[in-house]
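The values are calculated or read from the model by the stated rules, or taken from the named source; none is laboratory data. Computed from a predicted structure; not experimentally measured. Because the Cβ atoms are built from the backbone with ideal geometry, glycine has one as well, and the counts that use them run over all protein chains shown. These area figures cover heavy atoms from the full protein model, side chains too; ligands, DNA and RNA do not enter into them. Shrake-Rupley method; radii C 1.70, N 1.55, O 1.52, S 1.80 Å.
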Amino acid sequence: MPQQYLNKGNKPTKSGFGEGLLEAGRLNPEVFCIGADITASVDCNLFAEAFPQRFISLGIAEQNCVGVAAGLALEGKIPVFSTYGVFAALRSADQIRISVCYNNLHVIIGGAHAGVSVGPDGATHQALEDIGIMRVLPNMTVLSPCDATQTSLAIVAAIEQCRGPVYLRFGREAMPDFTSAAMGFEIGKAQVLRTGNDVSIIATGHMVWEALLAAEILAAVGIDARVINMHTIKPIDRETIIRAATETRAIVTAEEHQVNTGLGSAVAEVAVQHHPVPMAFVGMPDCFGESGPPLKLMEKYGLTAEAIAEKAKKMVKW
Amino acid sequence: MHPWQTEDTGALRHIAATIRKSVVTSLAEAGSGHLGGSLGLADIFTVLYFSKLNHHPDDPAWPGRDRLILSIGHVAPVLYATLAHSGYFPVEELLTLRKMGSRLQGHPGRDHGLPGLELSAGSLGQGLSVSVGMALAAKYDRKNHRIFSIHGDGELQEGSIWEAAMAASHHHLDNLVAIVDRNGLQIDGKTEDVMGLEPLGNKWQSFGWHVIECDGNDIGQIAGAIDAACLVSGKPAVIIARTVMGKGIVRIENDYRWHGKVPSREEAVEFIKEIEYRILNTEF
Ligand SMILES: [Mg+2]
């Protein structure tokens, strides 16, 4: 593992979201937060306690939450509405499409509980389709940071760098926190965490850490893997993808999301138009998750460093 | 009230007739769209824009303006005609309705830059939530403008409306006035046959709203209802305005088949004659 990406200790990305939101609330008096009953579960309680006047409780009514956010944004506020990604992206998809995206309003939607690593709650609460649904909406920016430190930077960036709608995805389970704030966070600019010229691993969210581990496995057998943290799914960093396609022999994508419509599809859409290259996809194979310990579930569905390394080996031989 | 606005019911009736004529003309020219609801709402839009709303057509984004949120985007023709006759844009532009490149989209779209348009909308059941957000922002900023939110009765079958209704009273939004176009009709027929809404007033009341009912085609009653709604404190107010779909043209009145239909050019000429005849004979 390159020295600069050592795990500082496991931490849920949602903690980063909560800390970043608190910071953003301090920096910008126009930031509002909308609660849909699971305020503490999505770590918005820090903001709610610090800025009770700017916290609006709306109960278990996601469609209304999104519409209210649109109304606040029309009046110049910067509303952040966070709930589980399955509810945010799916139940209120029409409100997001029309009231937020068609009106092109600066509303930030936090999609918590991303991926099977949600664990025991099971399939109903594991967001596996949210990237696909959010990224097809015009005007929408889709962020999927890789660890708690980066999620904290991402929410601040969503508030300070964006003008239109943003969907920000994060997880529940404590996972390696390995990036530094000094790396910064530029929306739309992927981070090459490791250079390499045999194969490129383009990963997002929790899978970025697995990609770094996969590169170690590959290095041991003489394969030089490039690791790219695609923290912005939309607008996607075409330049970095095209460079990976041109300079390495294959691309493996890795995400805790359905392979259909997810990061893999987004990367393929770019690669196939500019420099077609063999590709393999690590992600959910068009199925629902289930209850179980987070890491066991990731293992079962092939969301591990080993699975990434296996696919990468096959691609390089191909 | 601004100098160019009026409380004179006779003058307002004439303006409503003018707006009706523009609705008919623009829809006939467009060749598709929603005539019935647009005609039924002409009196309410007239009273709002020409008497009750605090707004400046020459400064559409004036921060102190009252906001009008049209949740039922399909009756855009009556909003467009009212905005044009208020001076937001040239009346001739109404003839571009629904045409390629027009600022007058089939359902309102802000991205096309039409002055006076607060919200892009057309998917039913969303506008009340947006109005709640705007009302919350006004409360937070201690501003005195009001938010008027226009809804259809069929639209109230959407569950999201009642989520928003709950939120408005929970947060004591007395700066929010919802107006329901209670014409009793929707595309499939009578609301009470498709999915009954009654007792409608009781529903709003039990959600914590102050309920006012009126004849939504009677200028005096509409004005009185809006005044009463603006006096309510501590809770939001809803005006259930009983209207006649297609109001002003006898042969299409209360005919749900005219919800999503437009007149031919020949019919339009005939409809406009009827509107003119009736206003001359003060039948409105
Ligand atoms: Mg109706």
Margin query: Please check the stretch B:105-120 for residues whose accessible area, probe 1.4 Å, is lower by 20 Å² or more when all protein chains are in place than in their chain alone.
Written below: B:Arg110, B:Asp111, B:Leu119, B:Ser120
Next item on the list: Using a 10 Å cut-off on Cβ to Cβ distances, tally the other chain neighbours for every residue of B:168-176 and report the average as a whole number.
Entry: 1
Note to self: On C-alpha positions alone, give me the angle between the axis of helix A:13-27 and the longest principal axis of chain A, in degrees, nearest 10.
What the structure shows: 50 degrees
Item checked: Rounded percent of accessible protein surface that carbon and sulfur make up, the stretch A:10-176, 1.4 Å probe -> 49 percent
Note to self: Taking the 0 to 90 degree range and rounding to the nearest ten, how far is the long axis of helix A:305-317 tilted relative to the main principal axis of chain A, both from C-alpha atoms?
What the structure shows: 50 degrees
Next item on the list: Estimate for me the total accessible surface buried between chains A and B (protein heavy atoms, probe 1.4 Å, no ligands or nucleic acids), in Å² to the nearest 100.
Entry: 2100 Å²
Notebook entry, point to check: Mean residue ellipticity at 222 nm from the helices of the protein assembly as shown, using -39,500 (n - 2.57) per DSSP H segment of n ≥ 4 over the full residue count, to the nearest 500 deg cm²/dmol?
Noted result: -11000 deg cm²/dmol
Checklist line | Square roots of five times the Cα gyration tensor eigenvalues for chain B, Å | finding: 27, 21, 18
Checklist line | Relative contact order [Cα under 8 Å, 6+ residues apart], chain B, whole percent | finding: 23 percent
Check: What does the accessible area per residue of chain A come to in Å², with a 1.4 Å probe and no ligands, DNA or RNA counted?
Finding: 35 Å²
Check: Got a sec? Which residues of the stretch A:90-131 lose 20 Å² or more of accessible surface with every protein chain in place, vs. that chain alone, 1.4 Å probe?
Finding: A:Asp94, A:Gln95, A:Ile98, A:Ser99, A:Tyr102, A:Asn103
Next item on the list: Can you figure out the FRET efficiency of B:Glu92 with A:Cys287, using R₀ = 60 Å and their beta-carbon distance, to the nearest 0.05?
Entry: 0.55
Note to self: More than 24 angstrom separation, counting every C-alpha pair in the stretch B:15-159; what % is that?
What the structure shows: 26 percent
Next item on the list: Tell me the label-point distance for the pair A:Ala40, A:Val221, using the 7 Å Cα-to-Cβ offset, in nm and rounded to one decimal.
Entry: 4.7 nm
Notebook entry, point to check: How much of the accessible area of the stretch A:192-257, probe 1.4 Å, is carbon plus sulfur, in whole percent?
Noted result: 51 percent
Next item on the list: For the protein assembly as shown, report the convex hull volume of the alpha-carbon atoms normalised per residue, in Å³, without decimals.
Entry: 153 Å³
Margin query: What distance in nm separates the two pseudo spin-label positions at B:Val269 and A:Glu49, each 7 Å out from Cα along the beta-carbon direction?
Written below: 7.6 nm
Checklist line | Nearest-ten-degree value, helix A:148-160 long axis tilted from longest Cα axis of chain A | finding: 50 degrees
Item checked: Shielding by other protein chains, A:75-87, mean Cβ within 10 Å -> 2
Checklist line | Compactness index (Cα Rg / 2.2 N^0.38 Å), the stretch A:81-228 | finding: 1.10
Note to self: I need the peptides A:175-183, A:73-81 ranked by packing, meaning the mean over residues of other C-beta atoms within 10 angstrom, with the highest value on top.
What the structure shows: A:73-81, A:175-183
Next item on the list: Within a 10 angstrom radius of each residue's Cβ in A:32-41, how many Cβ atoms of other chains show up on average? Whole number is fine.
Entry: 1
Next item on the list: Consider all pairwise Cα distances in the stretch A:32-143 and report the whole-number % of them above 25 Å.
Entry: 17 percent
Margin query: Using a probe radius of 1.4 Å on heavy atoms only, what accessible surface per residue do you get for the stretch B:174-284? Whole Å² is fine.
Written below: 47 Å²
Next item on the list: Place a +1 charge on the Cβ of each Lys and Arg in chain A and a -1 charge on the Cβ of each Asp and Glu, then give the dipole magnitude about the Cα centre in debye, rounded to the nearest 20.
Entry: 460 debye
